[in-house]
Amino acid sequence: MRHIRIHDNGFTLLEVLIAVAILSIGVVSVIRLFSDGLKTSYALKGYTEAIFHARNIMEEAIFNPVSENGKFDDGCKWEKTVSDNYEGGNVEGLKQINVLVSWKDGVVTKKIMLSTLKVMFKTKK
């Protein structure tokens, strides 16, 4: 009589299901990390553009210290204020320059402000 030998070389259904479950948990975690990264980069995009605009306005304000406002093509609004009084007191020849940039992020309006001081020398004639 012949004996038929059953080989035990494969995986059981239960082992395969457990392996798939563990793998799917890992894949879901990685997908969530990518999703959170995309949300963060989108949120920082507005801040990056606003800081870029504010720095450009501030550089112009150093050479032309007058109060004015405007709007950029991407929807950011800006306001430049120049005052003789600054938070530390009133010093002759010292001007405070503030640049405020605001933008819409969904339904929320976000703002950043850059501030600097400029010494205004009087020229002798």
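The values are calculated or read from the model by the stated rules, or taken from the named source; none is laboratory data. Quick caveat: nothing in here was measured; it's all calculated off a predicted structure. With ideal geometry, Cβ positions are generated from the backbone for all residues, glycine too; neighbour counts draw on all protein chains shown.
Numbers at a glance
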item: Qualifying residues in the range 21-70 (those that are more than 28 Å from V108 (Cα to Cα), of a type in the set (S, T, N, Q) and in a helix (DSSP H, G or I)) - the one modelled with the highest pLDDT; result: S24
item: Of all residues in the range 71-89 being exposed (fewer than 13 other Cβ atoms within 10 Å of the Cβ) and acidic (D, E), the one that is farthest from D105 (Cα to Cα); result: D84
item: Where a residue in the range 100-123 is within 19 Å of N56 (Cα to Cα) and its partner, wherever it lies, is in a strand (DSSP E or B) and among the small types (G, A, S), with Cβ under 7 Å and at least six apart; result: K110/S102; K111/S102
item: Residue pairs meeting the criteria (Cβ under 7 Å; at least 6 apart or on separate chains; first under 13 Å from S115 (Cα atoms) and modelled with pLDDT of 70 or more, in the range 71-95; second assigned to a strand (DSSP E or B) and acidic (D, E)); result: K80/E68
